[in-house]
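**Student:** Take this structure, written in structure tokens, and hold onto it; I'll ask about it next.
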Amino acid sequence: MMARDVALTRGKLLAAARAEFIAHGIAGSRVDRIAASAGVNKERIYGHFGSKEKLFQAAIAEAMGELAALVSPQDGSLPAFVGRIVDFHRRDPSFLRLLMWEALHYGAEPQDVTHSRQEWYTRQVQQLADSTGRSTSEAGLLLLSLIGLGAWPTAVPFTTFLDAPADDDGTWEEQLRAFIVDFVERATRE
């Protein structure tokens, strides 16, 4: 019973923290609002996570786990991979928001990149190297480029609609996705 209560409290805190961090970033988020939203004493934040920054890192790690479960270049098809990136971020832009807040707060050096997060990127680079015959160095650059192509329309959505037709019937996002997937297909064809 005690372990279940601890896990439940931790889950409530993470959910409340994610919402707070997505809305306000690290600096603008308040532990009292997170605790109130979770329905627990704010001391539970420190008991479970140690600090607001460590709570933020736990929120990033949880979101990274969701990404890792759904997005991977496992089948070797780079166009399909970038399509999954586009779809993942369009469905839920919260992970991108967390990453942007992290970049704004910490700059180029995140304070606590978890082992699982680094492991995911290393695994993706190796899968890309294996499936494309590229070196791991080149595969790393390719991964970064594919993530950029797939995530940018959601990360900075107003830029994608600068050229959107005024009478868009909702197909503009689908046209953009199809273009990105086709672009990757043509650009990576050997």
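The values are calculated or read from the model by the stated rules, or taken from the named source; none is laboratory data. Not measured: the values here are computed from a predicted model. Here the Cβ positions follow ideal geometry from the backbone for every residue, glycine too, while neighbour counts run over all protein chains shown. We work out accessible area using only protein heavy atoms, side chains counted, and drop any ligands, DNA or RNA first. Shrake-Rupley method; radii C 1.70, N 1.55, O 1.52, S 1.80 Å.
**Student:** Is it fair to say R189 is over 22 Å from I22 (Cα atoms) and modelled with pLDDT under 90?
**Tutor:** Judged against the criteria, R189 is a match.
**Student:** Filter region 138-152 down to the residues that are open to solvent by 70 Å² or more (accessible area, probe 1.4 Å) and not aromatic (F, W, Y), then identify the one that is nearest to the chain's Cα centre (by Cα).
**Tutor:** Filtering first and then ranking leaves L144.
**Student:** Now for a separate question. Is it the case, given these coordinates, that F49 is surrounded by 20 or more Cβ atoms within 10 Å (Cβ to Cβ), over 14 Å from the mean Cα position of the chain (by Cα) and free of Cβ contacts under 8 Å to residues at least 40 places away in the same chain?
**Tutor:** yes
**Student:** Got a number for residues in region 1-44 being assigned to a helix (DSSP H, G or I) and either of a type in the set (S, T, N, Q) or open to solvent by 90 Å² or more (accessible area, probe 1.4 Å) (or both)?
**Tutor:** Residues flagged as assigned to a helix (DSSP H, G or I) and either of a type in the set (S, T, N, Q) or open to solvent by 90 Å² or more (accessible area, probe 1.4 Å) (or both) within region 1-44 amount to 10.
**Student:** Name the single residue that is most open to solvent (accessible area, probe 1.4 Å) among those in region 166-186 being β-branched (V, I, T) and at pLDDT 80 or above.
**Tutor:** Only one residue tops the list, namely V181.
**Student:** Looking at D163, D112, D130 in this structure, which one is closer than 30 Å to K52 by Cβ and at pLDDT below 90?
**Tutor:** D112
**Student:** Moving on. Hey, among the residues in region 47-63 that are of a type outside the set (D, E, K, R) and in contact with a Leu (Cβ under 9 Å, 6 or more places away or on another chain), which one's nearest to S94 (Cα to Cα)?
**Tutor:** Of everything passing the filter in region 47-63, A63 is nearest to S94 (Cα to Cα).
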